[in-house]
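I have placed the structure first, in the form of structure tokens, so that the comments after it can refer back to it.
The values are calculated or read from the model by the stated rules, or taken from the named source; none is laboratory data. The shown structure was predicted, so the numbers you read here are calculated from the model rather than taken from an experiment. A quick note on method: Cβ atoms are made from the backbone with ideal geometry, for glycine too, and the neighbour counts reach across all protein chains shown.
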């Protein structure tokens with residue numbers, strides 16, 4: 001069955017919960033725009049009615065005559081108070097607009113980051129296998145920050161500039177439409193320049209954002225593998241690799257900056273040309289008596305204010321381009337379907353008995369030959385089953401299918417007689433515990449790492465799990481005991497200590513199915529002995545699956561499956577497989593011969 005397709009995601013879906021706040025911000029924006037429109041009118045009143053003694057005409061005349069009269073001093077007082085009132089009103093509206101824009105940006109980004117992070121966590125392992133972690137980190141941080149910056153400064157800001165621009169044009173056409181057309185003669189050139197440069201800036205911003213993701217990926221990869229880098233003295237090589245990527249990033253950023261640097265002067269030259277036309281034609285109209293001095297001042301003020309929104313809108317192309325590129329990169333992830341999903345009608349899994357069955361299972365990760373080919377086997381409840389074989393034979397692929405880290409191309413996997421796809425994914429994985437070769441611990445206290453699979457575990461359960469895992473002794477010797485902070489990925493602990501904490505974590509979870517992927521690899525004899533004593537406690541009464549390269553550790557397994565090139569070639573107990581003289585016997589003889597040589 002095809003996985004369900006994610007519904008199309010739009011930024012308005014994130015903005016919708018904050019609609020009331022944005023409407024209030026929109027009203028504040030209209031108020032700020034109105035204040036800008038009213039700002040020069042007191043000056044026009046003073047110039048025309050107080051200094052030049054020309055009667056006010058138009059819509060303002062009846063209002064002033066009915067409220068103030070014709071007394072010049074009262075008109076001057078009114079104009080002075082109007083300046084303060086308009087400024088206070090504009091300041092209040094601007095504050096509300098800025099506050100709401102910032103609030104909306106913060107909450108919108110919170111919702112978007114939460115949605116994106118949740119989606120990334122739930123994407124299949126096959127997706128994460130093919131993606132760079134640093135690139136994903138960049139999308140959750142830098143790309144979302146770009147959207148936040150645009151919402152905070154660009155969304156309502158561009159609306160404010162647009163409202164102001166349209167209002168000024170309306171007033172200017174009302175004063176003198178012919179004069180306005182002269183002033184706007186440069187507008188088509190301005191918009192053509194801004195539009196063409198916006199497309200180029202957007203393309204450059206997309207390349208720059210991608211390169212930033214590559215750089216973050218390199219940094220994350222090196223820092224997470226710093227021990228390997230130091231062990232092989234590859235600091236200079238990694239430094240050079242980062243510098244090469246960083247230089248490419250500088251070149252891309254400089255191309256983008258060059259485009260932005262050209263845009264602003266071009267806009268300023270075009271604006272200056274328009275202002276020149278206004279001064280030339282406006283002064284002649286005043287000299288001819290067809291326009292009052294106050295109207296000219298009003299017109300010039302509007303011209304300056306009108307071009308400023310144009311300039312600001314052109315400058316917002318950078319913020320808009322970054323936000324749009326970030327949105328496209330986020331959208332790419334959000335529209336990626338989960339390859340492993342809860343099937344329609346999936347039910348919560350009951351407590352498992354632990355009967356596992358593979359029926360003609362084939363798995364392919366990508367182009368190429370299958371990792372598993374027609375694999376079939378059964379593991380009965382409470383059995384200890386082992387999978388052995390050469391490296392790359394497909395052992396890890398088999399155990400990855402049980403918790404549905406991947407889904408097979410064909411065939412069926414059953415637990416307790418039911419297709420695992422008919423169980424809800426979370427309830428399926430809650431009944432499987434893992435002790436892996438590469439034990440991952442979090443940068444957190446030891447008790448947190450033990451309780452990770454069962455956060456509600458009591459302190460008594462944690463202490464009992466540490467006791468059974470042979471971990472209590474070394475934990476209690478630490479300075480803060482169970483509150484001791486573990487270094488990132490557990491680097492402050494030895495391999496044996498990390499593995500025993502992993503066993504304690506599995507004991508606390510107490511799941512009916514246990515998967516062990518080469519848990520004793522790389523441990524010394526003493527640590528391995530303590531680990532397997534803990535594993536004996538852990539495996540009691542559970543269906544246990546072990547991947548082992550050291551064959552001496554699985555001699556007592558109830559069933560051993562030998563895997564080679566994605567196929568189970570042999571199955572039986574240890575003595576039967578030795579007597580058969582097949583691949584298992586060859587691996588056994590080779591391994592013990594090597595160990596004898598090392599001992600000698």
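What the table shows:
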{"quantity": "Test: residue in the range 397-409 that is touching a strand residue (DSSP E or B) at 6+ places or on another chain (Cβ under 6 Å), part of a loop (DSSP other than H, G, I, E, B), at pLDDT 85 or above and under 22 Å from residue 512 (Cβ atoms)", "calculated": "yes"}
{"quantity": "Which listed residue is farther than 24 Å from residue 44 by Cα, in a helix (DSSP H, G or I), within 29 Å of the chain's Cα centre (by Cα) and modelled with pLDDT under 75, from 324, 313, 331", "calculated": "313"}
{"quantity": "Residues (out of contact with any strand residue (DSSP E or B) (no Cβ under 6 Å at 6 or more places or on another chain) and in a helix (DSSP H, G or I)) located in the range 540-567", "calculated": "551, 552, 553"}
{"quantity": "Test: residue 108 is surrounded by fewer than 17 Cβ atoms within 10 Å (Cβ to Cβ), in contact with a helix residue (DSSP H, G or I) (Cβ under 9 Å, 6 or more places away or on another chain) and at pLDDT below 85", "calculated": "no"}
{"quantity": "Matching option when the condition is outside the structural domain of residue 475 (by TED's automatic domain parsing) and touching a helix residue (DSSP H, G or I) at 6+ places or on another chain (Cβ under 7 Å), among 423, 406", "calculated": "406"}
{"quantity": "Identity of the residue in the range 410-456, assigned to a strand (DSSP E or B) and touching a residue at least 60 places away in the same chain (Cβ under 8 Å), that ends up surrounded by the fewest Cβ atoms within 10 Å (Cβ to Cβ)", "calculated": "436"}
{"quantity": "Any helices (runs of 4 or more DSSP H) falling wholly within the range 75-191 and containing at least 3 residues that are free of Cβ contacts under 8 Å to residues at least 40 places away in the same chain", "calculated": "156-175, 177-183"}
{"quantity": "Residue in the range 380-388 that is in contact (Cβ under 8 Å) with a residue 60 or more places away in the chain, surrounded by 15 or more Cβ atoms within 10 Å (Cβ to Cβ), closer than 29 Å to residue 541 by Cβ and within 36 Å of the chain's Cα centre (by Cα) present", "calculated": "no"}
{"quantity": "Some residue of the range 120-139 being within 12 Å of the chain's Cα centre (by Cα) and more than 29 Å from residue 257 (Cα to Cα)", "calculated": "yes"}
{"quantity": "Some residue of the range 223-235 being within 25 Å of the chain's Cα centre (by Cα), closer than 25 Å to residue 146 by Cβ and without any contact (Cβ under 8 Å) to a residue 40 or more places away in the chain", "calculated": "yes"}
{"quantity": "Residues satisfying the stated conditions in the range 84-97, i.e. buried (at least 16 other Cβ atoms within 10 Å of the Cβ) and either closer than 24 Å to residue 44 by Cα or modelled with pLDDT of 85 or more (or both)", "calculated": "86, 90, 93, 94, 96"}
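Listed here are the residues, each with its yes/no results for (1) more than 33 Å from the chain's Cα centre (by Cα); (2) part of a loop (DSSP other than H, G, I, E, B); (3) loosely packed, with under 15 Cβ neighbours inside 10 Å.
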{"site": "339", "(1), (2), (3)": "no, yes, yes"}
{"site": "345", "(1), (2), (3)": "no, yes, yes"}
{"site": "352", "(1), (2), (3)": "yes, yes, no"}
{"site": "360", "(1), (2), (3)": "yes, no, yes"}
{"site": "390", "(1), (2), (3)": "yes, yes, yes"}
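Rundown of residues vs (1) at pLDDT 80 or above; (2) surrounded by 14 or more Cβ atoms within 10 Å (Cβ to Cβ); (3) touching a helix residue (DSSP H, G or I) at 6+ places or on another chain (Cβ under 8 Å); (4) within 26 Å of residue 372 (Cβ to Cβ), yes/no style:
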{"site": "524", "(1), (2), (3), (4)": "no, no, yes, no"}
{"site": "527", "(1), (2), (3), (4)": "no, yes, yes, no"}
{"site": "559", "(1), (2), (3), (4)": "yes, yes, no, yes"}
{"site": "565", "(1), (2), (3), (4)": "yes, yes, no, yes"}
{"site": "570", "(1), (2), (3), (4)": "yes, yes, yes, yes"}
{"site": "584", "(1), (2), (3), (4)": "yes, yes, yes, yes"}
{"site": "588", "(1), (2), (3), (4)": "yes, yes, yes, yes"}
